[in-house]
Amino acid sequence: MSDAPIEMAADKTALKELKAARKEQIAAATARMKEQRRAVKAIKAQLDGAELTVPEIAAATGLPGSEVLYYVATLKKYGEILEGPKDGGYYRYRLGQAPAPIAEADPAE
């Protein structure tokens, strides 16, 4: 006979206990993710139809410049914003197209 139902019940109990023990850490991580989404949304909203520098974005969103720079670098890395011409010591950024998913090669070809 198989012990699968007993093992599944034990796994569920262990998972439930683990979630209860880490409740505070899970809540903190969830709050950080929500804050990151809000920050990215605010940055993208400012860049919608405009080309702005990092200090201009920071002033418009109320976020610290270092945080804006971090998000801008990340968004640039993934192609969601594009770097424009340099304005003094800063580059201007604008919204770009999200990169298209990479198509897998058809094994039949």
Cα gyration tensor category, rounded, prolate or oblate, for segment 26-66 with a/c compared to 1.5
prolate
ILE26 accessible area, 1.4 Å probe, all protein chains in place, Å² to nearest 10
80
How much of MET33 can a 1.4 Å solvent probe reach, expressed as accessible area in Å² and rounded to 10?
100
Taking protein heavy atoms only, a 1.4 Å probe, and rounding to whole percent, the accessible area of the chain owed to carbon and sulfur comes out at 57
Expressed as an acute angle from 0 to 90° and rounded to the nearest 10, what is the orientation of the C-alpha long axis of helix 65-77 relative to the principal long axis of the chain?
80
Can you work out the FRET efficiency for the pair MET8 and GLN36, with r the C-beta to C-beta distance and R0 = 35 Å, to the nearest 0.05?
0.50
Using 7 Å Cα-to-Cβ label points, what is the ILE26/GLN97 separation (nm, one decimal)?
4.1
Using a simple charge model, +1 on the beta-carbon of Lys and Arg, -1 on the beta-carbon of Asp and Glu, nothing else, what dipole does the chain show about its Cα centre, in debye to the nearest 20?
580
Under 14 Å, Cβ to Cβ, from GLN46 - net charge with Lys/Arg +1 and Asp/Glu -1:
0
Under the helix-only model (-39500 (n - 2.57) for each DSSP H run of 4 or more, divided by the residues of the chain), the mean residue ellipticity at 222 nm, to 500 deg cm²/dmol, is -19500 deg cm²/dmol
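What accessible area per residue, rounded to a whole number of Å², is obtained for the chain using a probe radius of 1.4 Å? It would help to have the intermediate numbers written out before the result.
Numbers: 8550 Å² over 109 residues.
Computed with neighbouring chains in place, this is 78 Å² per residue.
The values are calculated or read from the model by the stated rules, or taken from the named source; none is laboratory data. Predicted model, so just to flag it, every value in this text is computed and none were measured. Note that each Cβ is placed from the backbone with ideal geometry, even for glycine, and that neighbours are counted across all protein chains shown. For accessibility, only protein heavy atoms count, side chains too; no ligands or nucleic acids. Shrake-Rupley method; radii C 1.70, N 1.55, O 1.52, S 1.80 Å.
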